[in-house]
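The values are calculated or read from the model by the stated rules, or taken from the named source; none is laboratory data. Note that the structure is predicted; figures quoted are calculated from it, not measured. All Cβ positions, glycine included, derive from the backbone under ideal geometry; neighbour counts span all protein chains shown. Ligands, DNA and RNA are stripped out before the accessible areas are found, and what is left, the full protein with its side chains, is counted by its heavy atoms. Shrake-Rupley method; radii C 1.70, N 1.55, O 1.52, S 1.80 Å.
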Amino acid sequence: MSEALQHTDEWFEEFYERNYKLVYRLCFTYMKNRAEAEDCTEDVFVKVLTGNFVFNHETHEKKWLTVTSINLCKDRPKHWWKKQVTSIDEANEIPEENAAPIDETLEVVKKLPTKYKDVIYLYYYMDYKTEEIAAMLNKPPSTVRNHLREARELLRRQIGGFEQ
Amino acid sequence: MSDNTIRKAIDSVESENGAKERMYRNIIKKARQAALEEEPVEQKKKAALFVRYALPAAVCLCLLVIGVARFAYESTPVQAGRGICSGRQSFCGGGKRRRL
């Protein structure tokens, strides 16, 4: 317990302040609603607290948070209980969620298959190069480039023209 | 549509009012719970490892010992006929098999 609590100091507050928007936005892109995005964001930071990770620099920190968030978001719907049950909180959340308008482009990105969402997010939002994305996702660079091309094609069809 | 459109779309995502503080509180709470549960998890892991590796190894060892003992017993030379054991037959294994 003491180990976990060691991080609840100024360092963690600063760390949270610095990164919570990034993690929340990423989780929201992957999850169905705000409640799930919040849950997922919490899990990412709990992992930081309980794992005693040491980040060498800000780039390392952001990379770790991005990969961890993506992995947690992907793992989450695998829980059979999640598939079967909608909690009362979530059920209450749905009308609220529908009431708040979401950007049209974001809506389309959210509906993309996960493999395309990964590359679109990392390439266009986080500005990583295809080689870096390949290393982060454990995929060959050529696969990443193919996914990017296919994702652009999908977006072009659904939204309109897409400049390289 | 340019790649800036995606950036702007994702940047437009903002958490609800008070969500930041709520999440922070939940994180601390979850981390405490995780730390409290850490010890039993370790014990469970040890028990699982024991069942997975030590138990089968012990069973294999027992079977090996029984097998070797049985083999050694069966391959012990026996003398047929009479002579060594005199007296009641039941003392000599019914007279069928006599160990030297």
**Study point:** Cβ-derived FRET efficiency at R0 51 Å, B:C62 paired with A:F55, nearest 0.05
**Key:** 0.50
Study note, to complete from the structure: The B/A contact buries a total accessible area, at probe radius 1.4 Å and rounded to the nearest 100 Å², of 3300 Å²
Point to revise | Across A:K21/B:K8; A:K47/B:K44; A:K47/B:K8; A:K32/A:K139; A:K63/B:K29, pairs whose alpha-carbon gap is larger than 18 Å | key: A:K47/B:K44; A:K47/B:K8; A:K32/A:K139; A:K63/B:K29
Study note, to complete from the structure: For region B:22-70, whose charge dipole is built from +1 on Lys and Arg Cβ atoms and -1 on Asp and Glu Cβ atoms, the candidate among B:P56, B:A31, B:G67 with its Cα farthest towards the positive end is B:A31
Revision key, fill the gap. Amide H neighbours of A:M31 at under 5 Å, excluding residues fewer than 5 places away on the same chain, with H built from the backbone geometry, are none
**Study point:** Extension gain (nm, one decimal) between A:D75 and A:E14, 0.36 nm per residue minus Cα-Cα
**Key:** 19.2 nm
Exercise for review: Find how much the distance from A:R156 to A:N33 grows on full extension, using 0.36 nm per residue of separation minus their present alpha carbon separation; answer in nm with one decimal.
Suggested key: 41.8 nm
Check your understanding: Along region B:7-13, what does the Karplus equation 6.51 cos²θ - 1.76 cosθ + 1.60 (θ = phi - 60°) give for ³J(HN,Hα), rounded to whole Hz, x for Gly and Pro?
Key -> 4, 5, 4, 6, 5, 6, 6
Check your understanding: How far apart, in nm, are two points set 7 Å out from the Cα along the Cα-to-Cβ line at A:E104 and at B:E16?
Key -> 2.7 nm
